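The values are calculated or read from the model by the stated rules, or taken from the named source; none is laboratory data. Remember, it's a predicted structure, so these values are computed and weren't measured experimentally. Every residue, glycine as well, gets a Cβ built from its backbone with ideal geometry; the counts of neighbours run over all protein chains shown. All accessible areas refer to the heavy atoms of the entire protein, side chains included, with ligands and DNA or RNA removed. Shrake-Rupley method; radii C 1.70, N 1.55, O 1.52, S 1.80 Å.
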Amino acid sequence: MATKTAEGAGTDTGAQQDETVAETAVTEEAQASGQREPGEETADAEPRRASGVGQGAGAVVSAALGLVSLNGGWVGTVASARAQLMGQLKTSSQAGVAQQIKAVYGDAWHATALWAGLFAVAALVVGVGVLARPAFGAPGRPQAPWIKSVAWGGVALGVVGLLLAALKYSDALLGLPSAG
């Protein structure tokens, strides 16, 4: 009887080993195919990495806003035309030439400068945000060089656009002609 028990125990151990080998084979196949078994820990898996698409898009938006700040854009043109129309409506025909020039052309010029300045500030904010993003992201994850270059371009265009807008608004650049 002792022999049977030993034989039975030996058979059970062999069956357990076969089960373990079969489970290991299934686990290896699942890992090779990229599947996880239920309850399997994912701590040993590589962390998911961001692709940088958002940062790239932000850099391009910054550069585009910087370009719009240089040429005024559609919104600046509409604001200028509105200010010119409002100046014509408010100014009477008996008003002096200097007052007519300021109301019709000066306000329109300032409206264009104001909108160009707003686009320049937006370009600066987005560009600096893209450049500062790696400091708050995953450590050791470098920013793509093209993203840095385009973001710096957007910041530079924003600075130039803001400078030109300030000069236009203050009439230091192409100020209104004097009427006298």
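Report whether or not VAL125 is within 22 Å of ASN71 (Cα to Cα) and surrounded by fewer than 16 Cβ atoms within 10 Å (Cβ to Cβ). Break it down into steps so the answer makes sense when it comes.
Values: within 22 Å of ASN71 (Cα to Cα): yes; surrounded by fewer than 16 Cβ atoms within 10 Å (Cβ to Cβ): yes.
Answer is yes for this residue.
Output yes when any residue across region 84-92 is touching a residue at least 12 places away in the same chain (Cβ under 8 Å), open to solvent by less than 30 Å² (accessible area, probe 1.4 Å) and more than 19 Å from TYR169 (Cβ to Cβ), and no when none is. Quick ask: steps written out before the conclusion?
In the first step, residues of region 84-92 are kept if they are touching a residue at least 12 places away in the same chain (Cβ under 8 Å); the result is 84, 86-88, 90-91.
From the residues that got through so far, the ones that are open to solvent by less than 30 Å² (accessible area, probe 1.4 Å) too are 87, 91.
Narrowing the set further to residues that are more than 19 Å from TYR169 (Cβ to Cβ) leaves 91.
Taking every residue of region 84-92 in turn, at least one turns out to be touching a residue at least 12 places away in the same chain (Cβ under 8 Å), open to solvent by less than 30 Å² (accessible area, probe 1.4 Å) and more than 19 Å from TYR169 (Cβ to Cβ).
Given ALA156, ALA151, ALA108, ALA81, which one is more than 26 Å from GLN55 (Cβ to Cβ), of a type in the set (A, V, I, L, M, F, W, C) and either open to solvent by 20 Å² or more (accessible area, probe 1.4 Å) or within 14 Å of the chain's Cα centre (by Cα) (or both)? Let's see the steps before the verdict.
On the way: ALA156 fails: more than 26 Å from GLN55 (Cβ to Cβ); ALA151 fails: more than 26 Å from GLN55 (Cβ to Cβ); ALA108 fails: either open to solvent by 20 Å² or more (accessible area, probe 1.4 Å) or within 14 Å of the chain's Cα centre (by Cα) (or both).
Exactly one of ALA156, ALA151, ALA108, ALA81 is more than 26 Å from GLN55 (Cβ to Cβ), of a type in the set (A, V, I, L, M, F, W, C) and either open to solvent by 20 Å² or more (accessible area, probe 1.4 Å) or within 14 Å of the chain's Cα centre (by Cα) (or both), namely ALA81.
Within region 61-86, which residues are closer than 21 Å to ILE101 by Cβ and hydroxyl-bearing (Ser, Thr, Tyr)? Write out each step before concluding.
Filtering region 61-86 for residues closer than 21 Å to ILE101 by Cβ gives 72, 76-77, 79-86.
Scanning region 61-86 gives THR77, SER80.
Would you say GLN55 is without any contact (Cβ under 8 Å) to a residue 12 or more places away in the chain, assigned to a helix (DSSP H, G or I) and of a type in the set (S, T, N, Q)? Steps first, answer last, please.
On the way: without any contact (Cβ under 8 Å) to a residue 12 or more places away in the chain: no; assigned to a helix (DSSP H, G or I): yes; of a type in the set (S, T, N, Q): yes.
For GLN55, the condition - without any contact (Cβ under 8 Å) to a residue 12 or more places away in the chain, assigned to a helix (DSSP H, G or I) and of a type in the set (S, T, N, Q) - is not met.
Considering only residues that are of a type outside the set (S, T, N, Q) and surrounded by 14 or more Cβ atoms within 10 Å (Cβ to Cβ), which ones fall in region 63-77? Give the derivation first.
So the first thing to find is which residues in region 63-77 are of a type outside the set (S, T, N, Q), and the list is 63-68, 70, 72-76.
Once the filter is applied, which keeps residues that are of a type outside the set (S, T, N, Q) and surrounded by 14 or more Cβ atoms within 10 Å (Cβ to Cβ), region 63-77 yields ALA63, ALA64, LEU65, GLY66, LEU67, VAL68, LEU70, GLY72, GLY73, VAL75, GLY76.
Taking region 129-147 as the search range and keeping residues that are open to solvent by 80 Å² or more (accessible area, probe 1.4 Å) and free of Cβ contacts under 8 Å to residues at least 60 places away in the same chain, which one is farthest from the chain's Cα centre (by Cα)? It would help to see each step written out before you state the result.
Residues of region 129-147 open to solvent by 80 Å² or more (accessible area, probe 1.4 Å): 133, 135-136, 139, 141-142, 145-146.
So of that shortlist, the ones also free of Cβ contacts under 8 Å to residues at least 60 places away in the same chain come out as 135-136, 139, 142, 145.
Numbers: ALA135: 15, PHE136: 14, PRO139: 19, PRO142: 16, PRO145: 15 Å.
If we take residues in region 129-147 being open to solvent by 80 Å² or more (accessible area, probe 1.4 Å) and free of Cβ contacts under 8 Å to residues at least 60 places away in the same chain, then PRO139 is farthest from the chain's Cα centre (by Cα).
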